[in-house]
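Everything on this sheet refers to the single structure shown next.
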Amino acid sequence: MDGPLMPVVAEHDRAVLARLLGRDPVLHAYQLGDLDDFFWPYTSWFRRGEQVILLYHGVDPPTLVAFAAPAGRAELAALLTEAAPVLPARLYAHLSPGLAGALDGSFRVGSVGRHHRMALTDPARLAAVTPAGAQLGAADLPQLRELYARAYPGNWFDARMLDTGQYLGVRDGGELVAVAGVHVFSRAYRVAALGNVTTHPRWRGRGLGAAVVAALCVRLRESVEHVTLNVKADNTTAVRLYERVGFTRVADYDECVLTAR
């Protein structure tokens, strides 16, 4: 009965999307950030009633993001099923729990695992961590790529993100040994999402990860209201690091690879 009344539509109105996503800015932080001019050209949006899905084309493969509170997941599942025929044949996806089944008819779903959405809810803890790190720019790109190749080969780093000014690094004797950056940053929509955080294997266990994350969080809080991140649920070391600087778990979701049947 809902279908004819609330069909799936391609949504191009940022004000409509901002209103819908802004009802839960922590759950939808990545999507809100992608409304920013910096990310908007790389996005496609679909809406059914009050539910929204994002297809982000700025990475390979494109990433599908579909999050909803439990009360909205039935409508979001219907949106995913209806949008499936127009989605690319190969996708990475971030989906609220239980939504992968809505795509089973069109895609083979390969699970990457359960993840936590965390948010900086206790910034007072930042005061207990000595921050460290200097801003990185385009000139630092070779060293940054070298660090990721050694310490975080499966990263989602996009060199364009250095233009946000929100990548910080710690050096030892000129060598870049720790870094924290963002996947999403928007002053206009007051949200940021940390990402591509890593420390050189030789330097782990010395608190550099917490120090550079703390420095970045202090910097981000000057211009955004909500600082969030995604972390794999079984990465207990990372979860403890983020809890140490004031993050708490606010939602769970699943990451998966989708391949058209």
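Yes/no matrix, rows are residues, columns are (1) in the same structural domain as V191 (by TED's automatic domain parsing); (2) in a strand (DSSP E or B); (3) touching a residue at least 24 places away in the same chain (Cβ under 8 Å); (4) over 20 Å from D24 (Cβ atoms):
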site: P41; (1), (2), (3), (4): no, no, no, yes
site: F46; (1), (2), (3), (4): no, yes, yes, no
site: G58; (1), (2), (3), (4): no, no, yes, yes
site: P61; (1), (2), (3), (4): no, no, yes, yes
site: V65; (1), (2), (3), (4): no, yes, yes, no
site: G72; (1), (2), (3), (4): no, no, no, no
site: E75; (1), (2), (3), (4): no, no, yes, no
site: A78; (1), (2), (3), (4): no, no, yes, no
site: T81; (1), (2), (3), (4): no, no, yes, yes
- request: Scan V197, V184, V177, V191 and give me the residue that is surrounded by 20 or more Cβ atoms within 10 Å (Cβ to Cβ), of a type in the set (A, V, I, L, M, F, W, C) and more than 20 Å from the chain's Cα centre (by Cα).
  value: V177
- request: Just name the residue that is surrounded by the most Cβ atoms within 10 Å (Cβ to Cβ) out of those in region 94-108 that are of a type in the set (A, V, I, L, M) and under 18 Å from A233 (Cβ atoms).
  value: L95
message: Pairs please, first residue from region 211-229 and basic (K, R), second anywhere and surrounded by fewer than 20 Cβ atoms within 10 Å (Cβ to Cβ), Cβ atoms under 8 Å, 6+ apart in sequence or on different chains.
response: R221/P123
- prompt: Is it the case that D163 is touching a residue at least 24 places away in the same chain (Cβ under 8 Å), within 23 Å of P62 (Cα to Cα), surrounded by fewer than 14 Cβ atoms within 10 Å (Cβ to Cβ) and not small (G, A, S)?
  reply: yes
query: In region 14-39, what residues are in a helix (DSSP H, G or I) and either under 14 Å from the mean Cα position of the chain (by Cα) or among the β-branched types (V, I, T) (or both)?
result: V16, A29, Y30, Q31, L32, G33
- request: Mind listing just one residue for me: the one in region 221-261 that is under 13 Å from M118 (Cα atoms) and among the basic types (K, R) and, of those, nearest to the chain's Cα centre (by Cα)?
  value: K232
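The values are calculated or read from the model by the stated rules, or taken from the named source; none is laboratory data. Everything numeric here is computed off the predicted structure, so don't read it as measured data. Cβ atoms come from the backbone with ideal geometry, glycine included; neighbour counts cover every protein chain shown.
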